[in-house]
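Have a look at the structure below before the remarks.
Readers should treat all values here as calculations from the given coordinates under stated rules, not as data from a laboratory. In this text, all values refer to a predicted model and were calculated from it rather than measured experimentally. Heads up, the Cβs are rebuilt from the backbone with ideal geometry, glycines too, and the neighbour counts pull from every protein chain shown.
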Amino acid sequence: MSPIGKGEASQHILCLDLSQHVFRVAIIHRTEKKIAQRFQWEISRFEREEVEVILLKEDFFKFDFHDTVLSSGKDRNTLVPVEIFNHTKAPDVFRLNFTEPFDNVDYTRISELGIVNVYEFPMWIKSLFVVKFPRIKIVHRSTVFLRAMFDQPSFRTKIHLLVEAGQTYVGITSKSRLQFLNLFPCRSASDIAFHALFVMEQRNIDRKELEIVVYGKPVDWNERAELEKLMEQKVNIGNTVEQNEDFLLYKHLLCV
């Protein structure tokens, strides 16, 4: 991939994903919808100072991109129907599912799904990136995944597995509605299969009607065979970085 010059930045979208362990970046051409450049830095401490060093070090962060989108936040989130949320407050909803202390509870209305995503989003992340990129769009990581699941046919029952280092988002869509979403600690194919199968059993999902799709990047994609054996079913994995390794970053386009 050829480096993006300052004069080309206006034709691209800067997509940033900051998790508690990794800071990943993709520069995507806004009309061709292809990733032009990719970067990744390991994060030893989920703190302002460490991320700020990276932002100051790389010259391309100074470019004027057409759009800039950041996904981040802590791992805890909960979903609630819009009708219920309209009669309560975000911290009260969060308190029903998680114990205090909370780190800046915020929320996003996802009107197309009729739900509100309530989550923790540390203020230092917002302040750091808004100062650096005044026109930035900031979303929780789970919000991107929610929109990504429905950016494809969703009538048939489908289980979506977003595999990351040490954790996996498990989502289920059926008849164009969200049936389930949660984040589980997973360090191997057997962990992923255990949580997915448990959810399927609890939801009484018929395997014959099920499609399993994996996004992200496990430690070794050779685990696909093991995962299929454990799930006793074919697992679909995309064959481009936009469909697997950089799936979440690429789906930032849905948030522009």
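Points worth noting:
- Within region 202-252, GluC sites (Glu not before Pro) in DSSP loop having at most 10 other beta-carbon neighbours inside 10 Å: Glu232
- Among the GluC sites (Glu not before Pro) in region 29-58, those placed in a DSSP loop whose Cβ has at most 13 other Cβ atoms within 10 Å are Glu32, Glu47, Glu58.
- A simple rule links phi to the HN-Hα coupling: the Karplus curve 6.51 cos²θ - 1.76 cosθ + 1.60 with θ = phi - 60°, which for region 240-256 gives 10, 5, 5, 9, 10, 4, 10, 4, 5, 4, 5, 6, 4, 4, 6, 10, 5 Hz, with x for Gly and Pro.
- Farthest toward the positive end of the dipole of region 151-248, out of Thr157, Ile212, Tyr169, is the Cα of Thr157, where the dipole comes from beta carbon charges about the Cα centre.
- Cβ-based exposure ranking for Cys255, Cys186, in which fewest neighbours within 10 Å come first: Cys255, Cys186
- Spatial separation of Cα centroids for region 1-43 and region 116-170, in angstrom: 17
- Annotation: peptides 156-163, 121-128, ranked by per-residue average of other Cβ atoms within 10 Å with the highest first, follow the order 156-163, 121-128.
- Taking 0.36 nm per residue of separation and subtracting the current Cα-Cα distance, fully stretching the chain between Thr99 and Phe155 would add 16.6 nm.
- Sites Lys89 and Glu112, calculated FRET efficiency, Cβ-Cβ separation with R0 25 Å, nearest 0.05: 0.60
- When each of Ser72, Ser174 is scored by the number of other beta-carbon atoms lying within 10 Å, the sequence from fewest to most is Ser174, Ser72.
- For region 178-256, chymotrypsin sites (Phe, Trp or Tyr not before Pro) meeting the loop criterion (DSSP other than H, G, I, E, B) and having at most 15 other Cβ atoms within 10 Å: Trp221.
- Antiparallel content of DSSP bridges confined to the chain, in %, to 5: 70
- For the chain, the mean projected area of the C-alpha convex hull, equal to one quarter of the hull surface, is 14.2 nm².
- Sorted largest first, extent of region 151-248 alpha carbons per principal axis (Å): 31, 26, 22
- The phi torsions of region 109-117, fed into the Karplus equation with coefficients 6.51, -1.76 and 1.60 and a -60° offset, translate into couplings of 7, 10, 4, 5, 9, x, 10, 10, 9 Hz, rounded to whole numbers, with Gly and Pro shown as x.
- 222 nm mean residue ellipticity, helices alone, for the chain (DSSP H n ≥ 4; -39,500 (n - 2.57); rounded to 500): -7000 deg cm²/dmol
- The stretch between Asp75 and Glu211, if pulled fully straight at 0.36 nm per residue, gains 46.4 nm over its current Cα-Cα span.
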